[in-house]
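Quick notes on the structure that follows.
The values are calculated or read from the model by the stated rules, or taken from the named source; none is laboratory data. This structure is a prediction, so every number in the text was calculated from the model and none was measured. Neighbour counts are summed over all protein chains in view; Cβ atoms, including those assigned to glycine, are modelled from backbone coordinates with ideal geometry. Accessible surface areas use protein heavy atoms only, side chains included; no ligands, DNA or RNA. Shrake-Rupley method; radii C 1.70, N 1.55, O 1.52, S 1.80 Å.
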Amino acid sequence: MTFPIPDLYPALPELFVLTMACVILLAEALTKDRYLAYGMTLFTLLGAAAITAFTSVPQVQTTFSGQFVDDAMGDVLKLMAYLAAMASVVYSRRYLEERQLFRGEFFVLALFAVLGMMVMISANHLLVLYVGLEVLSLSLYALVALQRDSARATEAAMKYFVLGALASGLLLYGMSMIYGLTGSLSLPEIATILQAGVKDKVILAFGLVFLVAGLGFKLGVAPFHMWVPDIYQGAPTAVTLFIGSAPKLAAFAFAMRLLVDGLQPAVGDWQGMLAVMAVLSLAIGNLAAIMQSNIKRMLAYSTISHMGFLLLGILSGTFAGYTAGLFYAIAYVLMSLGSFGIVVYLSQNGQEAENLEDFKGLNSRHPWLAALMAILMFSMAGIPPFVGFYAKLSILQSLVGAGFLWLAVVAVMFSLIGAFYYLRVVKILYFDAPKADAPAIRTAMDMQALLSANGVAVLVLGILPQPLITLCTYAMQMSLQ
């Protein structure tokens, strides 16, 4: 038996990240130089971005017997994932140093998580999707438990692991039913077989239920959201920052590969399920966030509502909806990076700045940070001229264009409710007196410069969204041809 040698060119970024993660692991073990691991991690992400950009071609490429796909949508998502991971590492540096967590394990686990995201983004096969998902998930479980002397972090990691294992089981069971029905694990082949018609619609419906349930957990949408607030609050804030940003891009890719590339002929079956999950996410996320006094939990429930918005773009089943979903995923990651980045920045001298009262009167203590936080809160609320407004508008336009006017109305109503808790943060920043024992804010120029760039990007992409929306449109055109 002879095995064809696969074309490794489309998978060069993945091979580079895997190799460098192993090299960093060895280098840190031999030298004990944590800053070497830090620098090599940033170099790895920059190198992967360069390789992805230089190997990108307009045509869709497949390798490993069609199980791995390299297309424009995947390249855009990968580049954004590298950017988010780099920002997370830079934002986290001082936080990790103060808590004796600035170790090679953090950087290696972060790189393996990025590798899992890359595999998910380029998967063209159900098992490859699952392998990428597990590489990402196992890395995140370990990152949440990185602060081993923290009972809260350990509890959060155990919850995440148990619920994650349950979700993985649901996904595998759904995949097995689709395989039993179609006789294939290849996403394009599954789409072709479903298009031709299958005899047993009941098995298809049950398979879709399990797949959508597993997908809902990974996206963190209701009613599979129970892990999100506990893990966001329990994990070290630097890890929460990482979990709340780049993995959302991989989750969007997971939904696109699974539902659009593989199960598009069954769009009528999964649209309804996504609609229910989206409405529940908007309702639970926005209403529960109002009651939170912990900003990490508030942003966790905010994430649930934002992922509900993301589902609205996918469930429209149209090209405009998929493009709006990609734009929304990128915009959300930029907003999430900045929001959690400021929380990490203010968590100084071993103290956590995770309660809303810790942000009281921030304008009188550090006007620039207060202005950045206000920009991010306005953007998340969907107030113009920030990128969050245009992201939500593009989703609503795609819904109306697809005939889902009622869903657009529901989304607008819950967005108005959600504006309350974002504006409450702005009120705390500018109109409340700071705590008497509020510590002085020490400056870190690298973090401050990156946070400033993050905030400016949120503003500029709201005023001039066309370049990014054009890029998203091009990526979808090239990938769905």
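Just a few scattered comments:
- Taking amide H atoms as placed 1.01 Å from N in the peptide plane, the amide H of ASN355 lies under 5 Å from those of ILE295, each 5 or more residues away in sequence or on another chain.
- With 0.36 nm allotted per residue and the present C-alpha distance subtracted, the SER452-THR55 stretch has 139.8 nm of extension available.
- The chain: relative contact order as a whole-number percent, Cα under 8 Å and 6+ apart: 15
- Between helix 187-196 and the chain: long-axis angle, C-alpha atoms, 0 to 90°, nearest 10: 50
- Net charge over other residues, Cβ less than 13 angstrom from the Cβ of TYR160 (K, R count +1; D, E count -1): +1
- Classified by the C-alpha gyration tensor, the range 1-77 has an oblate form. Its axis ratio a/c, with a ≥ b ≥ c, is 1.5 or above, and a/b does not exceed b/c.
- Residues VAL198, VAL276, sorted by accessible area with the largest first, give VAL276, VAL198 [1.4 Å probe; ligands and nucleic acids excluded].
- Whichever aspartates and glutamates have a C-alpha closer than 18 Å to that of LYS248, once near sequence neighbours (fewer than 8 apart) are set aside: ASP75, GLU134, ASP230
- Placing dummy labels 7 Å off each Cα toward the beta-carbon, the span from ARG148 to ALA371 is 4.5 nm.
- Carbon plus sulfur fraction of accessible area for the chain, probe 1.4 Å, in percent: 70
- Once both labels are positioned 7 Å from their Cα atoms along Cα-to-Cβ, the gap between GLU97 and VAL400 label points is 5.0 nm.
- Prolate/oblate/rounded label for the range 102-218 (Cα gyration tensor, a/c 1.5): oblate
- Full extension of the chain between THR443 and MET226 gives 74.5 nm of extra length, using 0.36 nm per residue less the Cα-Cα distance.
- Which labelled figure in (1) 27; (2) 36; (3) 40 is percent of Cα pairs over 35 Å apart, once derived from the coordinates: (1)
- Shape class of the range 274-355 from the Cα gyration tensor (axes a ≥ b ≥ c, square roots of the eigenvalues): oblate, since a/c reaches 1.5 or more and a/b does not exceed b/c.
- Alpha-carbon centroid distance for the pair the range 134-183 / the range 210-246, whole angstrom: 10
- Candidate lysines for bridging to LYS32, where Cα separation is under 28 Å - those fewer than 8 sequence places away on the same chain excluded: none
- Charge context of TYR328, other residues only, Cβ under 12 angstrom, K/R +1, D/E -1: +2
- A 1.4 Å probe run over the protein chains yields, for the chain, 37 Å² of accessible area per residue, whole-number rounding.
- As an equivalent ellipsoid, the range 330-472 spans semi-axes of 31, 18, 11 angstrom, where each value is the square root of five times an eigenvalue of the C-alpha gyration tensor, largest first.
- Checking the Cα-Cα distances for LYS159/LYS296; LYS78/LYS392; LYS218/LYS392; LYS218/LYS435 against a 28 Å cut-off, the pairs over it are LYS218/LYS435.
- With a cut-off of 13 Å between beta carbons, the residues surrounding ALA419 carry a summed charge of +3, where Lys and Arg count +1 and Asp and Glu -1.
- Positive-end residue of VAL57, ALA21, PRO4, charge dipole of the range 1-107 with Cβ unit charges: ALA21
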